[in-house]
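All remarks here apply to the structure that follows.
The values are calculated or read from the model by the stated rules, or taken from the named source; none is laboratory data. All values reported here derive from a predicted model rather than from experimental measurement. Using ideal geometry, Cβ is built from the backbone for each residue, glycine included, and neighbour counts are taken over all protein chains shown. Remember, those area values only see protein heavy atoms, side chains included, never the ligands or the DNA or RNA. Shrake-Rupley method; radii C 1.70, N 1.55, O 1.52, S 1.80 Å.
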Amino acid sequence: MSFQGAPDAKKADLEKSYRDEFAHPEQSRRWIPKFEEFQCSGNLGFVRSTWQLEVTSADGKTEIKAENRSVDILRLSEDGTWKIFRSLNYPVVAPKK
């Protein structure tokens, strides 16, 4: 997985980042996808989408805390399932420096 401005991440890195992301019992967090385009040819495919991080605090207030664009490259495996083998991600709005 690649995220703009960060080193490439392996599966274990991604799993740890999600554990850290959702380790907030005082908040409800969920990533909401908006799938925009799907294409495949033979055993390769891609999905282009936008993801929003929705955070609901203990008092019930909900906010969008992040919005990222992604392009996921998939490969058809021998068992007939599609697996992501490369994910490219970047924020919709560049972070302020």
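Quick notes
- Selection count, the stretch 22-57, where residues are among the small types (Gly, Ala, Ser), assigned to a strand (DSSP E or B) and open to solvent by 60 Å² or more (accessible area, probe 1.4 Å): 2
- Candidates ARG19, ARG48, ARG30, ARG69, filtered to the one that is closer than 18 Å to PRO95 by Cβ, out of contact with any helix residue (DSSP H, G or I) (no Cβ under 6 Å at 6 or more places or on another chain) and among the basic types (Lys, Arg): ARG69
- Yes/no for LEU53 being aliphatic (A, V, I, L, M) and under 26 Å from PRO25 (Cβ atoms): yes
- Search result, residues across the stretch 63-82 that are in a strand (DSSP E or B), open to solvent by 90 Å² or more (accessible area, probe 1.4 Å) and either at pLDDT 95 or above or not basic (Lys, Arg) (or both): ARG75, TRP82
- A Cβ distance below 7 Å, combined with a sequence gap of six or more or placement on separate chains, defines the contacts here; from the stretch 35-49, residues that are within 13 Å of ARG75 (Cα to Cα) reach residues that are basic (Lys, Arg) in the pairs ASN43/ARG75; LEU44/ARG75.
- Test: residue in the stretch 2-25 that is hydroxyl-bearing (Ser, Thr, Tyr) and either at pLDDT 95 or above or over 15 Å from the mean Cα position of the chain (by Cα) (or both): no
- Exactly one residue among LEU53, LEU88 is in contact (Cβ under 8 Å) with a residue 40 or more places away in the chain and either closer than 25 Å to GLN4 by Cα or among the aliphatic types (A, V, I, L, M) (or both), and that residue is LEU88.
- In the set GLY5, GLY60, only one residue is open to solvent by less than 70 Å² (accessible area, probe 1.4 Å) and in a loop (DSSP other than H, G, I, E, B); that residue is GLY60.
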